[in-house]
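Just below is one structure, and these are the notes that go with it.
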Amino acid sequence: MNRNIGRLVPILVLGAALAGALLFNFQLVAKSRSALTATVLRNPSSIHTARYHLAAIIPDAPDPFFISLEQGLRQQAEARDAALQLVRYRRYGADAGEGGNLSSEAEHWLGIVLKGKPDGILLYLPQGISINGGLGEAEQRGIPVVLISPDAAPQGAASAVIGDSFGQGREAASIVLGLLGSAARIGVILPSSPFSALQPDEEPFYRGVLEAVTAKPGSFVAAAVREEESILGGEQACTDILDAHPDINALLCADSRGTIGAAQVIVDRGEVGKVVIIGADANAEVIRLVEKGVVHATIVRDAMAMGEKAVEAVLELRRGLSRQGVIKVGHRIQPSRESSR
Amino acid sequence: MNTNREASIKAFVVPRSMRPRFGSIGFKKGMLKKRKSIRTRIMLNSVLILLVLALATSYTAIAAFDLAKSVELLFKNSADMENLRSTLRQTQQSLEGYLMAKNSESLKDFIASSTRLSSIAGRLNRANKTDDIFLLEKNLAFLVEDYLESAEGAVQAKRGRDVPTYVALHDAARHSAEQIEYLSAQIDTIQLGSSLGAFSIYRTNIGLALISNLVLLAAAFLFSMALIARYSYTITEPLSRLAVAAQAVGRGEYDHPLPPYETEDEIGTLHDAFIAMRTSVKSAFEELTRKAELERTLMEERMRNLTFQHRLKDAELLALQTQINPHFLYNTLAAGWQLALAQGDEKTAEFLEKLAAFIRYVLKPSTRSVLVSEEIECVRQYLWLLRLRFGDRYRFRLEISDEALGYETPALLLQPLVENAIVHGLRDIEQGGDVIISARLDGGMLKLSVSDSGKGMQEEDIARALAAADPDDATPQRGIGLHNVVRRVALATNGKGKVDIATEPGHGTRITILLPAGMENPVQIEDTQIENKEGEKERDKA
């Protein structure tokens, strides 16, 4: 009996190897085929035809804010049976909105999608950028447009979904003041902007910080710097501000890149715990830093909700049900474990 | 004859209980019916391996076909976009030519190219597909529509000599043309980018798939080899065991161990058939052995019967002789006795009278039983005759207990012993000797004895004589007297009586007969002998 089983073992092993190799082969070939069928060989009849066609024009930036925004747009579009055409434009560059206008690439895409007869357009407008004749042409063609902005509603927008950068700044400063009180020496790291003429006090985030600090005598904002448009813009800004103001004991960041850069610099300098960092938004790295206590807390802008509400608003406009006006989306605070205790 | 044949056939038929698996494997109805036959299993396994390889190869081939189709489609899409751009340029060129020169050739060109452009745009997607490329195509289609609308409007305005309108529409058409160029280039780029991504994934996976195909081939090869080895063993191992068992059967070892073979296949059928055959052969052999044994026993019985018949013939012959001679001898002696009386020779008459009486006693069947007194009387007569012959050379003494006289004893036990004492014990002794005959009861046994003072007996003679007590004894005897006595004592008492012989060379022999006192029917007398006895009584009366 045992001898018989012993003789069967190699057959079973080789049979399993054969079946395994076949399955592995199938899996690999299936992956190869699906890669082709999902792109070049896609069959139009197998692709869902949606009820609506929405075009969303947003900056091409690997920022968690935009990632969440895109996620919200897509989820809501799918839920509302809308085909979402997501057009990304370069936020920065030689012609990137210099002079306060939308970048020519974005303008170009706006002109194209306007002629493409969509059921609605969702356009992200950064702080300080205005839009030229696009809104009028859209109105002329009967295409509803909803603007998305992190701060105040752009001028002339009939409908907009905005964030609360002012409230975000004030919240960040309040947390620091709660920790350090009147001894707070605050440095502010603002996001990069295509509009170089934009002053810090024109940023709602900065104004929110100032409002909170003014209410606490003795504390003050030592400096505010703007990130350069590069991967290491956050590190550079933090280094600059700390070098210029060594007495700073709190850093308030307006976006995730500034948060991660500031945390790296503080860790490298061995000043974790000495300099309180209040971050912004939440991706895996920011959450890790918050959990490790390097970043005291992060104020997460609810970009996904902004995307969802923007889709809802544009479809409401499309159906002529109402004029949505300005929809404000708030934020939440994710504290570190220590601070939560 | 037929009965014998049927019996021999039956002997070779294996009982149903001895072939338990034949019914279960369907030996009678379709020995190779739907079972897991080795051939089927080998074929199934081969087909399975081939199927696996065919599947893998086919699937890889389909993937390769997909790749070719993708490349073709990619080129076609790119060509379509290039065609669209080229047609757009021709349209724009002919439009501008017409707007500048207003010649009919340019108008014709415009109409032709704008028609082609419209046709190309008509093939583009206009539905709200949830796919980026298709949505871009939709943008493109409406852009072309917008362009053609502006261009045609400009032509109409040119015809109407409405300069501001056709200038404005021409600008709008040119702007749309730029957007079309940009969008089609973007579509090309996006399509190429996504295709390159897909091709990259394809290349990575298909490379691994080719490696896995090689692994698959190797695994299939090894698997086939393992299966071949397995089936070789499956086929040859039980066959070799069967061969060993068959050799054992050849040597007559019908119980040679043969491990069970459980699988229902051709080998299993062969295995079962062999076991059934071995059982049949074994049964047949046992039957033959039993018959041979029976025949041997029968032959022995027959030989024994022949021996008995032979002895019976001798006995019958002897009986006939003994029936003739005694009458002749007795009648002669009776005649002699009458003659002696007639001549007044009383001594001779007495001699003949006693001799006749003795002979009459002796000639009666020796298998009868008589009273001890009769036996003693016979001995007395014999002793009278001996004294007449030998005078006082031998001295006889009778030591008879009265209480023994009334018991029965087989006839003629003492006379042969007395005769032996004279003939063998005392004859060579010149001065003669003593013979003592005794009869008495001893502890419930009747003890008869004859002792002499002769030369004694040899041990081998004693053993040979005493061997007669065994009914199967066929030892040749030199003298039949003692042997006869021993045999008759054994037969008459059914082995309860016995004969003791005590001897001392040169000092004599004592032969003692021990009989159970009060024997019932100690002697079985045959009918013929009874008839003889009745005849003798009649003669005695006469």
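Derivation of every value follows stated rules applied to the coordinates shown; laboratory data play no part. In this text the structure is predicted, and so the values were computed from the model without any measurement. Ideal geometry is used to build each Cβ from the backbone, glycine not excepted, and the neighbour counts take in all protein chains shown.
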Base-10 log of normalised Debye intensity for the stretch A:1-61 (one unit scatterer per alpha-carbon) at q = 0.11, 0.13, 0.17, 0.28 Å⁻¹: -0.58, -0.67, -0.83, -1.05
For a label point 7 Å along the Cα-to-beta-carbon line of A:Ile47, residues of the stretch B:174-198 with backbone N under 20 Å: B:180-198
Binned Cα-Cα distance frequencies in the stretch B:37-98 - 10 Å width, integer %: 19, 19, 17, 14, 11, 9, 6, 4, 1
Fraction of beta bridges assigned by DSSP in the protein assembly as shown that are antiparallel (%, nearest 5): 40 percent
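Take the Cα atoms of the protein assembly as shown, build their convex hull, and give its volume per residue in Å³.
Working: hull volume 357.6 nm³, N = 883.
For the protein assembly as shown, the hull spanned by Cα atoms encloses 405 Å³ per residue.
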Share of pairwise Cα separations in the stretch B:346-433, more than 19 Å, in percent: 44 percent
Stokes-Einstein D (µm²/s) once Rh is taken as the Kirkwood radius of the stretch B:254-379 over alpha-carbon pairs, at 25 °C in 0.890 mPa s: 112 µm²/s
Long-range amide H partners of A:Ala224 with built H, under 5 Å: A:Val188
Sequence-distant residues sharing a close amide H with A:Leu86 (under 5 Å, placed H): A:Ala56
Alpha carbon convex hull of the stretch B:103-215, projected area averaged over orientations, nm²: 9.7 nm²
Among A:Arg226, A:Arg51, A:Arg207, residue whose mean-square fluctuation peaks in a GNM of chain A (springs only between Cα atoms under 10 Å): A:Arg51
Within a Gaussian network of chain A (alpha carbon springs, distance under 10 Å), most fluctuating of A:Ile231, A:Ile47, A:Ile57: A:Ile47
Per principal axis, descending, Cα span of the stretch B:172-269 in whole Å: 113, 22, 13
Listed residues A:Ile143, A:Ile162, A:Ile11, most fluctuating in chain A (Gaussian network, C-alpha, under 10 Å): A:Ile11
For the stretch A:48-56, Karplus couplings with θ = phi - 60° (6.51, -1.76, 1.60), whole Hz, Gly/Pro x: 5, 9, 8, 6, 10, 10, 10, 10, 10
Within the protein assembly as shown, helix-based [θ] at 222 nm, where runs of 4 or more DSSP H residues each add -39,500 (n - 2.57), nearest 500: -21000 deg cm²/dmol
Spin-label model distance (nm) - B:Leu339 vs A:Arg288, 7 Å beyond Cα toward Cβ: 16.2 nm
Principal axis dimensions, the stretch B:411-520 - Cα atoms, whole angstrom, descending: 44, 32, 21
Exposure proxy order (Cβ contacts within 10 Å, fewest to most) of B:Thr263, A:Thr214, B:Thr503: A:Thr214, B:Thr263, B:Thr503
Nearest-0.05 FRET efficiency for B:Glu286 and B:Leu51, computed from C-beta distance (R0 56 Å): 0.55
Kirkwood Rh, Cα atoms: Rg over Rh of chain A: 1.13
Fewest-first sequence of A:His245, A:His48 by Cβ atoms within 10 Å of each Cβ: A:His48, A:His245
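Once you've got the Cα coordinates, tell me which of B:Lys354/B:Lys455; B:Lys313/B:Lys364; A:Lys115/B:Lys158; B:Lys455/B:Lys498 are over 26 Å apart.
Working: B:Lys354/B:Lys455 30 Å; B:Lys313/B:Lys364 20 Å; A:Lys115/B:Lys158 24 Å; B:Lys455/B:Lys498 23 Å.
Checking Cα-Cα distances, B:Lys354/B:Lys455 exceed 26 Å.
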Residues B:Ser119 and A:Gln236, FRET efficiency given R0 of 60 Å [Cβ-Cβ distance, rounded to 0.05]: 0.60
Size of chain B as Cα extents on the principal axes (Å, biggest first): 215, 50, 35
Gain in span if fully extended, B:Glu262 to B:Ala248, counting 0.36 nm per residue against the direct Cα distance: 2.9 nm
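Take each complete run of DSSP H in chain A, measure how far its Cα atoms stretch along the helix's own axis, and keep only those covering 27 Å or more with mean Kyte-Doolittle hydropathy at least -0.5; list them.
A:2-37
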Cα-based equivalent ellipsoid of the stretch B:102-161: semi-axis lengths in Å, sorted from largest, via gyration tensor: 29, 12, 6
Förster-model FRET efficiency, 45 Å R0, A:Ser104 and B:Ala64, C-beta, rounded to 0.05: 0.55
Neighbour-count ranking [beta-carbon atoms within 10 angstrom, fewest first] of A:Glu211, A:Glu107, B:Glu460: B:Glu460, A:Glu211, A:Glu107
Size descriptor, Kirkwood hydrodynamic radius, that averages inverse alpha-carbon separations across the stretch A:209-272, Å: 12.3 Å
Whole-number D in µm²/s for the stretch B:384-449 (Stokes-Einstein; Kirkwood sum over Cα pairs; 25 °C, 0.890 mPa s): 187 µm²/s
